[in-house]
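Note sheet for the following structure.
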Amino acid sequence: MTANGWFQIFFFFALVLLCAKPLGLYMARVFERERTFADRVFRPLERLIYRLTGIDETHEMRWTEYAVVMLLFSLVTMLVTYAIERLQHALPLNPQHLAGVAPDLALNTAASFTTNTNWQSYVPETTMSYLTQMLTLAYHNFFSAAVGMALAVALIRGISRRESKTLGNFWVDTTRASLWVLLPGCLIYALLLVSQGVVQNFRPYDQAKLVQPQTVTTTGTDGKTATQTVTDQSIAQGPTASQEAIKMLGTNGGGFFNANSAHPFENPTPLSNLMQMFSIFLIPAALTVTLGRITRAPKHGWAVFAAMATLFFAGVFVAYYAEAQPNPLLHSVNQHVAATQAGGNMEGKEVRFGIANSALFATVTTDASCGAVNSMHDSFMPLGGLVPLVNIMLGEVIFGGVGAGLYGMLIFVVLAVFIAGLMVGRTPEYLGKKIESYDVKMAMLYVLIFPLSILGFSAVALMMPNLGLSALTNTGPHGLSEILYAYTSATGNNGSAFGGLSANTHWYNLSLASAMLIGRFLMIVPMLAIAGSLARKKLVPPSPGTFPVHTPLFTVLLVGVILIVGALTFFPALSLGPILEHLLMHAGRSF
Amino acid sequence: MWDIGCVVASILFFYIAIGYATGCDRLGAKETQR
């Protein structure tokens, strides 16, 4: 680890901290329908949208109506995405004349983008037409993020309202999230990315002559090998910057190119890299301020922020430390930091980003449910690879996805105050609301669905050599990590891939699609049930037995609950995967 | 055939999710009556 590396990490976080408050306060005003400086521009547009779509913005929804409308909206948009993928060969904006997407892959991709996961079992530049990327995938990048923000705001309203049956209006919340926050943010951000060299065009792919022709040996499906000399290279183009902006700001993560943010057309410079990491954390961090403002408990918002920051720094420290260490299997190689080499483990990392920014990016993208990558997580040292895995397993509550991170964290807050109440023998209270049996049941439902999907699907994949194991390129604990990571990423709606798993098979496409849908929608329902339950409750005046939720003690308890729940659930699987691999690496074995 | 299967499976999942929401709501109503 170097001082320069840590300086960059702290600089990144200071930037997030600096911008969280103004954006958080702005979002609170947007969602509470208070006046903002942008009213003149967006309010007429918003009214026009409601007039054209017939939405009554004064209509308030119960939690069940909010949930059903959200589910039906997601179903319809998912099916439209599926249809466009299947029919893209007959639709315009397909200069490469790409074929329609195979049905299982189309379903996987439709589920993936609807759920804000953006898992990609395909190579985008050779599979998806420009129309598919722009009309369906970029559309989902906006609306899956807007839905996440709307849901978080619905939960915040549930906490702040008293004796109310309603949580707001789903259509109004998603419209406001898109129009007032995501669209203007992306417009500015896309231009900044273009200034750094991110491409934005509709050109067919460029063809370049190789300076040094390459001889490539390939093995066909019949097992026969063939040797050919490659003299040309196809250089993919496309409307990348516009998609890149919402990919990061909406914590989506699906790359325009297969190499994602390691591709020089998606993430060309160290400055664009900093902007990308910053934009992943920006809205999730700001939402903690929105929480504090709407609930009129700003210190509570900062206490939640502090818990997230603590877990973030713990993760980035382990990842950076693990990646900066020399690989013990390479005894005879000089791996120390010098002017001509970064030192540590540079396998799978871009030279222009180095170790600190690769470890930081991996931590940020898995703390949030983004899933964009600028390095190969599969090439990390075992403990370095453990960090992204654990981040997702903790429920991506460390800032988390836009909206999803905050509502996930608030479920842990409910559990933390419940445990605090049990410890002092009082009825647990959260910001003046009594936490009762129904709330805890729903919170536990939320917490248990997550590991059930991850461990259940992983176990099935591991038990079926023809379906699950045949797609692996590594054996032993590393192979286990690859399968575990895939289902963790899918259920957590992260979308990053560890690598080493050829996931474009019927089994993985269908099972990962199921995991993504379960991890998104079956967890949202109990969360909204808690929101509805809290909104109905009376406000209880604070008493000496009330556990304050704005103190360092609360932050410590919250971090403890998150770690204990995560550790108890996933430690056995982790010990057979990355932890065992770390121990075997020091014993001289690699996989 | 695959297309029909994928569409039906998607609709079925969301149908179950709506039923699940209704179930959670009913559980809440029961708990309130107690």
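Please indicate, with yes or no, whether at least one residue in segment A:492-506 is touching a Ser or Thr at 6+ places or on another chain (Cβ under 7 Å), more than 17 Å from A:SER112 (Cα to Cα) and modelled with pLDDT under 95.
Looking for residues that are touching a Ser or Thr at 6+ places or on another chain (Cβ under 7 Å), more than 17 Å from A:SER112 (Cα to Cα) and modelled with pLDDT under 95, one finds at least one in segment A:492-506, hence yes.
One line per residue, one yes/no per condition, for (1) more than 26 Å from the chain's Cα centre (by Cα); (2) within 14 Å of chain B (Cβ to nearest Cβ); (3) touching a residue at least 12 places away in the same chain (Cβ under 8 Å); (4) open to solvent by 10 Å² or more (accessible area, probe 1.4 Å):
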site	(1), (2), (3), (4)
A:GLY400	no, no, yes, no
A:ALA404	no, no, yes, yes
A:VAL417	yes, no, yes, no
A:ARG426	yes, no, yes, yes
A:LYS433	yes, no, yes, no
A:SER458	no, no, yes, no
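Which residue, of A:THR36, A:THR117, A:THR132, is of a type in the set (Ser, Thr, Tyr) and not in a loop (DSSP other than H, G, I, E, B)?
Only one candidate qualifies: A:THR132.
When you check A:LEU462 against the structure, is it in a helix (DSSP H, G or I) and free of Cβ contacts under 8 Å to residues at least 40 places away in the same chain, yes or no?
When the stated conditions are applied, A:LEU462 passes them.
Give me a count of the residues in segment A:501-516 that are part of a loop (DSSP other than H, G, I, E, B) and open to solvent by 20 Å² or more (accessible area, probe 1.4 Å).
Residues meeting the conditions: 3.
Quick check: is even one residue across segment A:489-496 within 14 Å of chain B (Cβ to nearest Cβ) and touching a Cys at 6+ places or on another chain (Cβ under 9 Å)?
Taking every residue of segment A:489-496 in turn, none turns out to be within 14 Å of chain B (Cβ to nearest Cβ) and touching a Cys at 6+ places or on another chain (Cβ under 9 Å).
Taking the conditions exactly as written (away from chain B (no Cβ under 14 Å), surrounded by 13 or more Cβ atoms within 10 Å (Cβ to Cβ) and touching a residue at least 40 places away in the same chain (Cβ under 8 Å)), does A:ILE49 satisfy them or not?
It is true that A:ILE49 is away from chain B (no Cβ under 14 Å), surrounded by 13 or more Cβ atoms within 10 Å (Cβ to Cβ) and touching a residue at least 40 places away in the same chain (Cβ under 8 Å).
Just one of (1) open to solvent by 20 Å² or more (accessible area, probe 1.4 Å); (2) within 14 Å of chain B (Cβ to nearest Cβ); (3) within 24 Å of A:PRO284 (Cβ to Cβ); (4) not charged (D, E, K, R) trips up A:ALA443, so point out which.
If we test A:ALA443 against (1) open to solvent by 20 Å² or more (accessible area, probe 1.4 Å); (2) within 14 Å of chain B (Cβ to nearest Cβ); (3) within 24 Å of A:PRO284 (Cβ to Cβ); (4) not charged (D, E, K, R), just (1) comes out false.
Take the conditions open to solvent by 50 Å² or more (accessible area, probe 1.4 Å), under 17 Å from A:THR174 (Cβ atoms) and of a type in the set (A, V, I, L, M, F, W, C) and apply them to A:LEU72. Does it pass?
yes
Across segment A:201-248, what is the total count of residues that are open to solvent by 40 Å² or more (accessible area, probe 1.4 Å) and closer than 18 Å to A:LEU271 by Cα?
Qualifying residue count, segment A:201-248: 1.
Among what's in segment B:6-17 and is open to solvent by 40 Å² or more (accessible area, probe 1.4 Å) and within 8 Å of chain A (Cβ to nearest Cβ), pick the residue that is nearest to A:LEU71 (Cα to Cα).
Ranking the candidates gives B:ILE11 first.
The values are calculated or read from the model by the stated rules, or taken from the named source; none is laboratory data. Bear in mind the structure is a predicted one, so any value in this text is a computation, not a measurement. Methodologically, a virtual Cβ is constructed for each residue, glycine included, from the backbone with ideal geometry; neighbour enumeration extends over all protein chains shown. Protein only, heavy atoms only, side chains kept; ligands, DNA and RNA dropped before computing areas. Shrake-Rupley method; radii C 1.70, N 1.55, O 1.52, S 1.80 Å.
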